[in-house]
Amino acid sequence: MRVVAASAAAVDWCSWLGLFDDEAGLRVVAVPTQALRYANSLPPDFEARFPGFAKFRAEVLFGFEPDLVICDDYQNALTIEALRRAGTEVCTLEAIRGFEDLRTNLARLARALEASVASQRVAEAADRLEAERRALELQVAAGTESWTKWRVLPCYELGGHIASAGRGSSEALLLELAGVANVATDLGLVGHDKVRLERLLEVDVDCFLVSDEKDIEGLRRRPALAQVAAMREERFVVLDARLRQANSPFVLTAARALRAQLELLANPGTRDG
C-alpha cells in the first residue's frame with residue numbers, strides 16, 4: 001500500500017502508529033514540506049527518505065501513485081473529491097476539539113488500513129491511546145501540588161493583540177488533559193480569538209503558556225499586565241508551538257510536558273536535583 005501523509009497531523013499519526021517503519025507493511029511515499037515545521041515526530045533522514053510537496057492538489061498527489069491519502073478534513077474539498085473520483089482512497093482526519101475526536105480519527109485510520117498488515121498496529125493503538133489518557137487522569141487525580149490549582153492562559157501574538165485558545169481548540173484539550181484551568185475558556189473564548197486587555201485584567205492568571213521568548217517579550221511590553229499575578233511572579237511555561245498546537249495523539253505528549261514544566265516552575269530546585 002502506497003500512502004501519502006498529506007498534513008502535519010497525518011504525519012503525526014503515521015509516526016505515532018509506527019507506519020514509517022520498514023516493518024509496517026506499507027510505504028509512505030510523500031509528505032507535505034510543512035511537516036518539517038509543524039509535525040511532532042519525524043523519522044531519521046526524513047527529508048532524504050520522503051519526497052515532499054508544497055501544495056495539496058490532485059495533480060501533484062497523483063504523481064506519487066498513492067493507494068491512500070491521509071489528510072485533514074478541512075483541506076481542499078475539490079482535491080479530496082478528485083482523488084476519490086479517480087479511485088484513490090482518502091482518509092480525512094477531524095480537527096481535535098476533544099478526546100473523542102482522537103478516537104474518531106483512530107477509527108477512521110483503522111478502516112482505511114484494515115487491508116494492510118499495519119492494521120494490527122492500529123488495533124493495538126486504541127489500547128495505547130486509552131492507556132495514555134488513563135495515566136494522565138491518575139496523575140491529575142493524585143495531584144496535590146499548589147501548581148495544580150493554577151489558572152493558565154495560552155497566549156500568542158495576533159496582529160499586535162494578545163490572542164488565546166478557548167473551548168473547541170486542541171490547546172483547550174491540552175490543558176484539560178494536563179489538569180489545569182484554562183483562563184481562555186473562562187473568558188468565553190471559542191476556538192482561537194483575540195483577548196481584550198481590559199477583560200484580561202478582570203480575571204486571575206497564574207501562568208502564561210507561550211511558544212518562545214518572543215511571546216514573553218510581547219507580554220512584557222504591555223505595562224498594564226504588571227498587575228497580573230503571572231507577570232508579577234514571572235510565571236511563563238514555554239512549550240514548542242508544534243507541540244502545544246498538536247492536532248494528533250501528541251496532544252497527550254504535550255499534556256505530560258506541560259505538567260512537567262509547571263512542576264519545575266513551581267519547584268525550581270528540582271531542575272538540578
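The values are calculated or read from the model by the stated rules, or taken from the named source; none is laboratory data. The structure presented is a predicted model; accordingly, all values stated were derived computationally and were not measured. Here Cβ is always computed from backbone atoms with ideal geometry, including for glycine, and neighbour counts include all displayed protein chains.
Residues in segment 200-251 that are among the aliphatic types (A, V, I, L, M) and in a strand (DSSP E or B) were compared, and the one that is farthest from residue 136 (Cα to Cα) is 210.
Checking 250, 236 one by one, the residue that is among the aromatic types (Phe, Trp, Tyr) and over 24 Å from residue 102 (Cα atoms) is 236 and no other.
Quick check: is even one residue across segment 87-97 at pLDDT 90 or above, closer than 21 Å to residue 62 by Cα, out of contact with any helix residue (DSSP H, G or I) (no Cβ under 9 Å at 6 or more places or on another chain) and surrounded by fewer than 17 Cβ atoms within 10 Å (Cβ to Cβ)?
As a first pass, look at segment 87-97 and keep what is at pLDDT 90 or above: 87-97.
Filter again for closer than 21 Å to residue 62 by Cα, leaving 87-93.
Next cut, out of contact with any helix residue (DSSP H, G or I) (no Cβ under 9 Å at 6 or more places or on another chain) only: 87.
This time we only want the ones that are surrounded by fewer than 17 Cβ atoms within 10 Å (Cβ to Cβ), so: 87.
Within segment 87-97, one or more residues are at pLDDT 90 or above, closer than 21 Å to residue 62 by Cα, out of contact with any helix residue (DSSP H, G or I) (no Cβ under 9 Å at 6 or more places or on another chain) and surrounded by fewer than 17 Cβ atoms within 10 Å (Cβ to Cβ).
Whether any residue in segment 153-163 is part of a helix (DSSP H, G or I) and either aromatic (Phe, Trp, Tyr) or buried (at least 17 other Cβ atoms within 10 Å of the Cβ) (or both) is what I want to check. No, segment 153-163 has no match at all. For residue 145, the test of being surrounded by fewer than 18 Cβ atoms within 10 Å (Cβ to Cβ), in contact with an Asp or Glu (Cβ under 8 Å, 6 or more places away or on another chain) and more than 30 Å from residue 66 (Cβ to Cβ) is passed. A single member of 102, 83 is in a helix (DSSP H, G or I), in contact (Cβ under 8 Å) with a residue 24 or more places away in the chain and more than 19 Å from residue 242 (Cα to Cα), and it is 83. Exactly one residue among 111, 134 is part of a helix (DSSP H, G or I), touching a strand residue (DSSP E or B) at 6+ places or on another chain (Cβ under 8 Å) and surrounded by fewer than 16 Cβ atoms within 10 Å (Cβ to Cβ), and that residue is 111.
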